[in-house]
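The values are calculated or read from the model by the stated rules, or taken from the named source; none is laboratory data. All of these numbers come straight from a predicted model, not from anything done at the bench. Cβ coordinates were reconstructed from backbone atoms using ideal geometry, including for glycine residues, and neighbour counts include every protein chain displayed.
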């Protein structure tokens with residue numbers, strides 16, 4: 001599953017190994033986060049946001065990135081994906097905050113920065 005930022009540029013892909021879903025950076029294949037139910041956690045244990053209906057939401061309920069089908073005007077043709085790198089061990093998860101009311105406003109946090117918060 002490929003994820004695009006507000007400009008329709010591919011920034012991440014999500015892949016399942018049959019056990020869990022992992023978020024990888026498009027440009028370098030670094031695993032930055034994983035899905036736990038509908039919550040997105042960085043491998044550093046930080047709660048980053050939520051993933052629902054093909055959309056990633058931040059703690060304010062704003063859209064950070066989404067699948068191509070969620071864009072009315074389409075997305076840019078993505079360059080080839082980087083190969084996946086090995087997943088690091090997970091740190092202990094911080095407590096999940098209360099889920100906000102979701103909206104269709106794009107987050108002020110860039111998608112790449114959002115994912116970088118989860119790196120070890």
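Give me a count of the residues in the stretch 80-110 that are in contact with a helix residue (DSSP H, G or I) (Cβ under 8 Å, 6 or more places away or on another chain) and loosely packed, with under 14 Cβ neighbours inside 10 Å.
Let us first name the residues in the stretch 80-110 that are in contact with a helix residue (DSSP H, G or I) (Cβ under 8 Å, 6 or more places away or on another chain), namely 107.
Keeping just the survivors that are loosely packed, with under 14 Cβ neighbours inside 10 Å gives none.
Qualifying residue count, the stretch 80-110: 0.
Among the criteria (1) in a loop (DSSP other than H, G, I, E, B); (2) crowded, with 17+ Cβ neighbours inside 10 Å, the one residue 11 does not fulfil is (1).
How many residues are touching a residue at least 12 places away in the same chain (Cβ under 8 Å) and closer than 16 Å to residue 104 by Cβ when one looks only at the stretch 69-94?
Narrowing the stretch 69-94 to residues touching a residue at least 12 places away in the same chain (Cβ under 8 Å): 69-71, 73-76, 78-79, 81-94.
Now restrict to residues that are closer than 16 Å to residue 104 by Cβ: 69-71, 73.
Adding up the residues that qualify gives 4.
Does residue 61 fit the bill of being farther than 18 Å from residue 14 by Cα and either in contact with a helix residue (DSSP H, G or I) (Cβ under 7 Å, 6 or more places away or on another chain) or in contact (Cβ under 8 Å) with a residue 60 or more places away in the chain (or both)?
On the way: farther than 18 Å from residue 14 by Cα: yes; either in contact with a helix residue (DSSP H, G or I) (Cβ under 7 Å, 6 or more places away or on another chain) or in contact (Cβ under 8 Å) with a residue 60 or more places away in the chain (or both): no.
Judged against the criteria, residue 61 is not a match.
Residue count for the stretch 27-55 under the criterion of being out of contact with any helix residue (DSSP H, G or I) (no Cβ under 9 Å at 6 or more places or on another chain) and not in a strand (DSSP E or B): the result is 8.
Between 36, 28, 58, the distinction of being surrounded by 14 or more Cβ atoms within 10 Å (Cβ to Cβ), out of contact with any strand residue (DSSP E or B) (no Cβ under 7 Å at 6 or more places or on another chain) and either more than 21 Å from residue 4 (Cβ to Cβ) or modelled with pLDDT of 90 or more (or both) belongs to 36 only.
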